[in-house]
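Asks: Take this structure first; my questions come after.
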Amino acid sequence: MEFVIKISQFLMSLSLLIILHELGHFIPAKAFKTRVEKFYLFFDVKFSLFKKKIGETVYGIGWLPLGGYVKISGMIDESMDTEQMAQEPQPWEFRSKPAWQRLIIMLGGVTVNFLLAILIYIGMSYFYGDKFLPVDNIKDGLLIENAVANKAGLLTGDKILAVDGEKIENFSEISEKVLFGKEITIERNGEQSTITFPEDFLAQLIDSKERGFIDLRLPFVVVQVPDTSYNINSGIKKGDIIIGLNDLNTKYADEVKLGLEKFKGQEVTAKILREENQITVPLKISNEGKLGLVYGGITEDNLEKLGYYQFETKKYGFFESFPVGLKKAKDKMASYWDQLGAIFTPSTGAYKGVGGFKAIYDIFPSFWSWQVFWSITAFLSIMLGVLNLLPIPALDGGHVMFLLYEMVSGRKPGDKFMEYAQMVGFFILIALVLFANGNDIYKAIFG
């Protein structure tokens, strides 16, 4: 069932983005009286799952879910229709239109991607508002158990105040900014200091294959007492929170772990919080420092109720949501450009984390949430728009690059040159797709 939910979200989001992107090319093409021969969701290599001709355009669904396309008459694109290009230009063809019209047609797809993201963020701001945790409300610092982060200088209990001189306001900003930052300003034991990350920090993180990076410190909440547990008869129950071991206070789960190391092989008196009452129970700790219990998560509401963190919620009116949504889209776009910059800088090692369709599929949760779905779709829309702007022949950005050259120089690149450029761009794209999806396969096999 989880697979069905994840794959449904993945295909719905991907289909929506592809159709709207191609519609961004289709609408200005039709507005400038340019013939559109095909409008396809997914690729129809050899055959289509569905197709129907309406007017001069064939609308269809291909079987290969690697994207989609519109085939515009008189345009050198991925179809490589050299036979058509060898004939005399016709007034309804792309190549016969003024450069400014062709530029608008080529920029239509990415324009729709960016507008879609902005509209989604505006809508989410209006309907859901923002629930966030201000960093000022994180009194005891963060959970940082990742060995690579520890080696770089970050420790559990640190408060992260700024990255590269930019102040951190909310907890949700921390991980992403730290990942791509260089100088991290922290507070430890009441004193501020700056940590400088090594240039290959991202590469080290990826190579370590460790899960988790920076998180909130959470209480040790018992979610199951297995029948095989050596503490089955101790009196501890599901929902109990361990807040002390002997004379050691353990407000957080990471402190419980330290206590287990300290008292391993012993029987201790555990202080338990149970439904707002404090009790004590005897617990046995194995020689390996284990309790034989399963502990896990806790809701934000319960964290607030217990006094661990105080979240804030901000609601926006209809008109207030517009600048808020616009800022979110702008910040996410800037963040993704930074990520691309790191990926194309080999010394950072960020390219090792590049993923393909499996990585995108994994972003979606195993439960259905419209709020999460739209948030992911907005990010993917920005990602699709930015990637299509890369100046690679066969991408929209490649076509735009040649059109700008034509408008500035007054000289149109020859059809033969464009054919060769398209072929080179196509092979570059294939190489990038193989690399990204090859990374997915490698991770699936080797973790």
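The values are calculated or read from the model by the stated rules, or taken from the named source; none is laboratory data. Keep in mind that what you see is a predicted model, and the values were worked out from it rather than measured. We place every Cβ from the backbone using ideal geometry, glycine too, and count neighbours over all the protein chains shown. The area values use the complete protein model at the heavy-atom level, side chains included, leaving out ligands, DNA and RNA. Shrake-Rupley method; radii C 1.70, N 1.55, O 1.52, S 1.80 Å.
Asks: Within segment 272-286, how many residues are of a type outside the set (S, T, N, Q), in a loop (DSSP other than H, G, I, E, B) and touching a Gly at 6+ places or on another chain (Cβ under 9 Å)?
Replies: Step one: of segment 272-286, the residues of a type outside the set (S, T, N, Q) are 272-276, 279, 281-285.
Keeping just the survivors that are in a loop (DSSP other than H, G, I, E, B) gives 275-276, 285.
Of the ones still in play, those that are also touching a Gly at 6+ places or on another chain (Cβ under 9 Å) are 275, 285.
Adding up the residues that qualify gives 2.
Asks: When you look at V354, is it under 12 Å from the mean Cα position of the chain (by Cα), open to solvent by less than 50 Å² (accessible area, probe 1.4 Å) and within 27 Å of P198 (Cβ to Cβ), yes or no? Don't jump to the end; show me each part of the working.
Replies: Working: under 12 Å from the mean Cα position of the chain (by Cα): yes; open to solvent by less than 50 Å² (accessible area, probe 1.4 Å): yes; within 27 Å of P198 (Cβ to Cβ): yes.
Here the answer is yes, as V354 does meet what is asked.
Asks: Of the numbered conditions (1) closer than 30 Å to Y128 by Cβ; (2) outside any helix (DSSP H, G or I); (3) polar (S, T, N, Q), N302 fails exactly one; give the number of that condition.
Replies: Every listed condition holds for N302 apart from (2).
Asks: Across segment 165-174, what is the total count of residues that are touching a residue at least 40 places away in the same chain (Cβ under 8 Å) and either in contact with a Gly (Cβ under 9 Å, 6 or more places away or on another chain) or polar (S, T, N, Q) (or both)?
Replies: To start, the set of residues in segment 165-174 that are touching a residue at least 40 places away in the same chain (Cβ under 8 Å) comprises 171-172, 174.
After this cut, where a residue has to be either in contact with a Gly (Cβ under 9 Å, 6 or more places away or on another chain) or polar (S, T, N, Q) (or both) as well, the list is 172.
Matching residues across segment 165-174 total 1.
Asks: Could you list, in sequence order, the residues of segment 108-137 that are at pLDDT 95 or above and either in contact with a Lys or Arg (Cβ under 6 Å, 6 or more places away or on another chain) or within 11 Å of I214 (Cβ to Cβ) (or both)?
Replies: Y121
Asks: May I ask you to list the residues in segment 240-263 that are open to solvent by 10 Å² or more (accessible area, probe 1.4 Å) and either modelled with pLDDT under 90 or among the acidic types (D, E) (or both)?
Replies: D247, D254, E255, E261
Asks: Further question on the same structure: From the set of residues in segment 292-305 that are closer than 22 Å to P226 by Cβ and open to solvent by 50 Å² or more (accessible area, probe 1.4 Å), which is modelled with the lowest pLDDT?
Replies: So in segment 292-305, the residues closer than 22 Å to P226 by Cβ come out as 292-298.
Adding the requirement that they be open to solvent by 50 Å² or more (accessible area, probe 1.4 Å) leaves 294-295, 297.
Values: V294: 90, Y295: 90, G297: 77.
Per the criteria, the residue is G297.
Asks: Right, next: Being under 17 Å from L179 (Cα atoms) and modelled with pLDDT of 85 or more narrows it down to one of A334, A342, A329, A350, so name that one.
Replies: Values: A342 fails: modelled with pLDDT of 85 or more; A329 fails: under 17 Å from L179 (Cα atoms); A350 fails: modelled with pLDDT of 85 or more.
Of the residues listed, the single one that is under 17 Å from L179 (Cα atoms) and modelled with pLDDT of 85 or more is A334.
Asks: Right, another one. Answer yes if at least one residue in segment 210-226 is touching a Pro at 6+ places or on another chain (Cβ under 6 Å) and within 28 Å of S175 (Cα to Cα), and no otherwise. First the steps, then the outcome.
Replies: To start, the set of residues in segment 210-226 that are touching a Pro at 6+ places or on another chain (Cβ under 6 Å) comprises none.
No: segment 210-226 contains no residue that is touching a Pro at 6+ places or on another chain (Cβ under 6 Å) and within 28 Å of S175 (Cα to Cα).
Asks: A further question on this structure: So which of I232, I242, I195 ends up being out of contact with any Lys or Arg (no Cβ under 7 Å at 6 or more places or on another chain) and part of a loop (DSSP other than H, G, I, E, B)?
Replies: On the way: I242 fails: part of a loop (DSSP other than H, G, I, E, B); I195 fails: part of a loop (DSSP other than H, G, I, E, B).
The unique qualifying residue is I232.
Asks: For the condition in a helix (DSSP H, G or I), touching a His at 6+ places or on another chain (Cβ under 7 Å) and not polar (S, T, N, Q), what is the one hit in L326, L384, L340?
Replies: None of the other options fit; the residue is L384.
Asks: I want to confirm something. Restricting to segment 162-197 and keeping residues that are modelled with pLDDT of 90 or more and touching a helix residue (DSSP H, G or I) at 6+ places or on another chain (Cβ under 7 Å), which single residue is surrounded by the fewest Cβ atoms within 10 Å (Cβ to Cβ)?
Replies: E169
Asks: Moving to a separate point now. Checking the structure you have, find out if any residue of segment 312-321 is part of a helix (DSSP H, G or I) and either farther than 30 Å from P65 by Cβ or open to solvent by less than 80 Å² (accessible area, probe 1.4 Å) (or both). I'd like the intermediate steps shown before the answer.
Replies: Taking segment 312-321 first, the residues part of a helix (DSSP H, G or I) are 321.
In the following step, the residues that additionally are either farther than 30 Å from P65 by Cβ or open to solvent by less than 80 Å² (accessible area, probe 1.4 Å) (or both) were identified as 321.
Looking for residues that are part of a helix (DSSP H, G or I) and either farther than 30 Å from P65 by Cβ or open to solvent by less than 80 Å² (accessible area, probe 1.4 Å) (or both), one finds at least one in segment 312-321, hence yes.
Asks: Within segment 33-75, can you find the residues that are buried (at least 16 other Cβ atoms within 10 Å of the Cβ) and either outside any strand (DSSP E or B) or of a type in the set (D, E, K, R) (or both)?
Replies: T34, R35, E37, K38, D44, K71, S73, G74, M75
Asks: Part of a loop (DSSP other than H, G, I, E, B) and either of a type in the set (D, E, K, R) or surrounded by 15 or more Cβ atoms within 10 Å (Cβ to Cβ) (or both): is that true of G289 in this structure? Steps first, answer last, please.
Replies: Working: part of a loop (DSSP other than H, G, I, E, B): yes; either of a type in the set (D, E, K, R) or surrounded by 15 or more Cβ atoms within 10 Å (Cβ to Cβ) (or both): yes.
It is true that G289 is part of a loop (DSSP other than H, G, I, E, B) and either of a type in the set (D, E, K, R) or surrounded by 15 or more Cβ atoms within 10 Å (Cβ to Cβ) (or both).
For (1) buried (at least 17 other Cβ atoms within 10 Å of the Cβ); (2) within 23 Å of W100 (Cα to Cα), each residue gets a yes or a no:
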residue: G398; (1), (2): yes, yes
residue: M407; (1), (2): no, yes
residue: G410; (1), (2): no, yes
residue: F426; (1), (2): yes, no
residue: L429; (1), (2): yes, no
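Asks: Could I ask something else about it? Could you list, in sequence order, all residues of segment 117-140 that are open to solvent by less than 30 Å² (accessible area, probe 1.4 Å) and in a helix (DSSP H, G or I)? Working first, answer last.
Replies: Of segment 117-140, the ones open to solvent by less than 30 Å² (accessible area, probe 1.4 Å) are 117, 120-125, 129, 133-135, 138.
Passing the criteria: A117, I120, Y121, I122, G123, M124, S125, V135.
Asks: Follow-up question, since we're still on this one. Here are F373, F367: which of them is within 18 Å of the chain's Cα centre (by Cα) and not in a helix (DSSP H, G or I)?
Replies: Residue meeting the stated conditions: F367.
Asks: Note down all Cβ pairs under 6 Å where the first residue falls in segment 141-164 and is in a strand (DSSP E or B), the second is of a type in the set (S, T, N, Q), and they're at least six residues apart or on different chains.
Replies: Matching pairs, first to second residue: L143/T156; L161/T185; A162/T185.
Asks: In addition: Test each condition in (1) closer than 23 Å to F344 by Cα; (2) of a type outside the set (D, E); (3) part of a helix (DSSP H, G or I) for F417 and report the one that comes out false.
Replies: (1)
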